[in-house]
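Read through the structure below, which is laid out as structure tokens, and then see the notes.
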Amino acid sequence: MFKKEVYTDRRSRLKKEVKSGVGLFLGNVDAAFNYPANQYHFRQDSHFLYFFGLQNPGFAGVIDFDNGKDYIFGNDFDIDDIIWMGVQPKVKDLAAKAGIENTAAYGELAKFIADAKYQGRDIHYLPAYRGETVIELSQLLGLANADVKPGASVELIKAVVRLKEIKSEEEIAEIEKAIDIAYEMHTTSMKMAMPGVVEQKIAGTIEGISLALGGPVSFPIILSQDGQTLHNHNHSNILEVGRMMVTDAGAETRECYASDITRTVPVGGKFNERQAEIYQIVLDANMGAIAAIKPGIKYRDVHFIAARIIIEGLKKAGLMKGDTDEALKAEAHTLFMPHGLGHQMGMDVHDMEGFGEDYVGYDENTRRATTFGTAYLRLGKELKPGLVLTVEPGIYFIPDLIDQFRSEGKFMDFVNYDKLETYKDFGGIRIEDDILVTQEGNRVLGKPIPKTIAEVETLMAR
Ligand code: GLY
Ligand code: MN
Ligand code: MN
């Protein structure tokens, strides 16, 4: 937990943003795995954690925007809890660590909310993403389950985004800790990417590194020599020379800040000519996009800078053709990169995505595209200092997509389909880094993880 001033400061800034009413922040509860007493690892709700700092299940925080008071509702451990889980600090002492004096048993929350409702006050809450939270909100607020989602407070969502998207020094330090754990995960994955090894062995090993050095992984590990499947969680392949292995993985720190890094390596440790050519295009897109990141530029424009580099590179490789500007306008690159360049990152690996990406990655001046591929761009708005985001270009050879676009006669002026047929066994490549937008431009966060061809081959030769 950070020092208590961090949390009092966050709440007082939120009080300046929300005019009146009551802010209700339900922390997470323990969730059953396969029977009630066998539970998943507890993960606190990121927004409760941001404002109240406590990693205890079954707590709620309340901010009264009219009189400025903060409350924690939660139950002290009873003797049964103590027998099984040990002595725990009292709720009062925990709340004091977050700078909060007012505490009550969890059961008092229903009356508190009912009184506020009776007085006609607005109850602001954030969108829920767990069934337990939806049910609890429905009971506290007297809403049907189906009415909980549309009842979330847009005023609170927008205020929380304004605060949380600008990362403080202690948050950046946490994110860099998470990336340094990812360094160990990724360099281990690279060294293990040898022919005959089953992917699951590598995925399990690096998940263990995350747990040993920090917390759980920040999202389920993506690791496969079938990297053309963007979010491949199937780790059953046996690695073969001639394939490229994608590892997209990150860790959480104890304070639940994330990293999200991707590296792609040739199985066995030596790039062949074809692999090196495509890899270098993705690397150029990654580095070209990073070089363009600075306050004032729209991330959508950075996305298209990467797309242009990919088109130019694929033209040199003989896989695309025609006028680059026209190809870019037609979005012909989406056959090869059918996803966005990146997203914001914080406690949630896709930061605050549960609010709805358009509240987080877009604004009044930047609306989301609806075209194939570009619609998946989670972040499009103008950048400002303090944002942390990912840059993750890729080139993928997806046989079904190639077949579909070819049969539809799509991008015929820009894609050399005959040559592309010979790449259907290639797989995919993605290279992802985590970036802080600074006053001057940007900083690539964390200890650098090998990514040039020479760096990757040198590491894998060890
Ligand atoms: N780990 C999923 C992503 O890169 O967004
Ligand atoms: Mn990723
Ligand atoms: Mn990512």
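Bear in mind these aren't lab numbers, they're just calculated from the coordinates by the rules spelled out. Remember, predicted model here, so these are calculated numbers, not experimental data. Every residue, glycine as well, gets a Cβ built from its backbone with ideal geometry; the counts of neighbours run over all protein chains shown.
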>> Please list log₁₀ I(q)/I(0) at q = 0.09, 0.19, 0.21 Å⁻¹ for region 67-174, using the Debye equation with identical point scatterers on the alpha-carbon positions.
In response: -0.34, -1.23, -1.27
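So if each residue of separation counts as 0.36 nm, and I subtract the Cα-Cα distance between residue 32 and residue 455, what length gain in nm does that give?
Between residue 32 and residue 455, full extension yields 147.9 nm more.
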>> Relative contact order for region 307-397: what percent, with Cα pairs under 8 Å and sequence separation of 6 or more?
In response: 33
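Can I get the semi-axes of the chain's equivalent ellipsoid? Compute them from the C-alpha gyration tensor as square roots of 5 times the eigenvalues, in angstrom, largest first.
Semi-axes (√(5λ), whole Å): 43, 25, 20.
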>> Between residue 422 and residue 132, what is the label-point separation in nm under the 7 Å Cα-to-beta-carbon projection?
In response: 5.6
> Listed here are the pairs 201/384; 191/329; 321/451; 177/384; which of them are more than 31 Å apart at the Cα?
Replying inline: 201/384; 191/329
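State, as an integer percentage, the relative contact order of the chain based on alpha-carbon contacts under 8 Å between residues 6 or more apart.
Across the chain, relative contact order equals 14 percent.
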> aspartates and glutamates within cross-link reach of residue 111: Cα-Cα under 17 Å, excluding same-chain residues under 8 positions apart?
Replying inline: 64, 70, 122, 136
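Quick one: putting +1 on the C-beta of Lys and Arg, -1 on the C-beta of Asp and Glu, what dipole do you get for the chain around its Cα centre, in Debye to the nearest 20?
Values: 52 positive and 68 negative charges, 121 e Å.
That gives a dipole near 580 debye.
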>> Eigenvalues of the Cα gyration tensor times 5, then square-rooted: what semi-axes does that give for region 180-223, in whole angstrom, largest first?
In response: 18, 11, 8
> Could you give the semi-axes, largest first, of the ellipsoid that matches region 1-74, computed as the square roots of 5 times the alpha carbon gyration tensor eigenvalues and rounded to whole Å?
Replying inline: 27, 13, 9
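How high is the relative contact order of region 356-462, given as a whole-number percent (alpha carbon pairs under 8 Å, six or more residues apart)?
Working: 99 pairs, mean separation 28.3, N = 107.
It comes to 26 percent, rounded to a whole number.
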> Hey, what do the phi angles of region 326-339 turn into as Karplus ³J(HN,Hα) couplings, whole Hz, using 6.51/-1.76/1.60 and θ = phi - 60°, x for Gly and Pro?
Replying inline: 5, 5, 5, 5, 6, 6, 5, 5, 5, 5, 9, 10, x, 8
>> Could you check the spin-label model distance between residue 13 and residue 79? Points 7 Å from the Cα along Cα→Cβ, value in nm.
In response: 4.6
>> If you restrict to DSSP beta bridges whose two residues both lie in region 1-126, what percentage is antiparallel, to the nearest 5?
In response: 70
> To the nearest whole percent, what portion of all C-alpha pairs in region 11-140 is separated by more than 24 angstrom?
Replying inline: 29
>> Over region 1-93, how many pairs of lysines fall under 25 Å by alpha carbon, counting only those 8 or more apart in sequence or from different chains?
In response: 17
>> Taking R0 as 41 Å, what FRET efficiency do you get between residue 144 and residue 316 from their Cβ-Cβ distance, rounded to the nearest 0.05?
In response: 0.10
> What is the antiparallel percent of DSSP beta bridges lying wholly in the chain, to the nearest 5?
Replying inline: 90
>> Could you check the spin-label model distance between residue 154 and residue 462? Points 7 Å from the Cα along Cα→Cβ, value in nm.
In response: 5.3
>> If each residue of separation counts as 0.36 nm, what is the full-extension length gain between residue 205 and residue 375 once their alpha-carbon separation is subtracted?
In response: 57.7 nm
